[in-house]
Amino acid sequence: MVMVVGGYPIVDHLVWHPAIDMQLLAGTRDGAITIWDVSKQVATARHACHKPLRCVAYNPAGTLLATAWGERDANITVYN
């Protein structure tokens, strides 16, 4: 088991990368996504998104990721 700890915002969403071992995508309450290399226990990328972040997901190949966000409306952003 590997634990990544620190002074990070509350994580509401987690998803493993479908093609890269030990890579984890986290969506945080402050409206950001962070990609973690769990084997090294470091964040490799962070991007400020929208608040409130409702969901994060990879496509099956792992080449795109999507976020769903918004208070009342369904908004989706896809990143490549």
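The table below lists the values:
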item	result
Relative contact order (percent, whole number), the chain, Cα cutoff 8 Å, 6+ residue spacing	21 percent
Integer Hz, Karplus 6.51/-1.76/1.60 couplings in order for region 57-68, x for Gly and Pro	7, 9, 6, x, 7, x, 8, 10, 10, 10, 10, 10
Whole-percent carbon and sulfur share, accessible surface of the chain, 1.4 Å	56 percent
Average accessible area per residue (Å²) across the chain - probe 1.4 Å, nucleic acids and ligands excluded	67 Å²
Neighbour net charge for residue 67 - beta-carbon separation under 12 angstrom, K R +1, D E -1	+1
Other-chain or far-sequence residues with amide H under 5 Å of residue 57's (modelled H)	66
Around residue 13: net Lys/Arg minus Asp/Glu count, Cβ-Cβ under 11 Å	+1
Unit charges on C-beta of K, R, D, E only; dipole of the chain, Debye	100 debye
Rough spin-label spacing in nm, given labels placed 7 Å along Cα→Cβ, for residue 10 and residue 73	2.6 nm
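The values are calculated or read from the model by the stated rules, or taken from the named source; none is laboratory data. Owing to the predicted nature of the structure, the values given are computational and were not obtained by experimental measurement. Positions of Cβ are generated from backbone atoms using ideal geometry, with glycine treated the same way; all protein chains shown enter the neighbour counts. Only protein heavy atoms, including side chains, enter the accessible area calculation; ligands, DNA and RNA are left aside. Shrake-Rupley method; radii C 1.70, N 1.55, O 1.52, S 1.80 Å.
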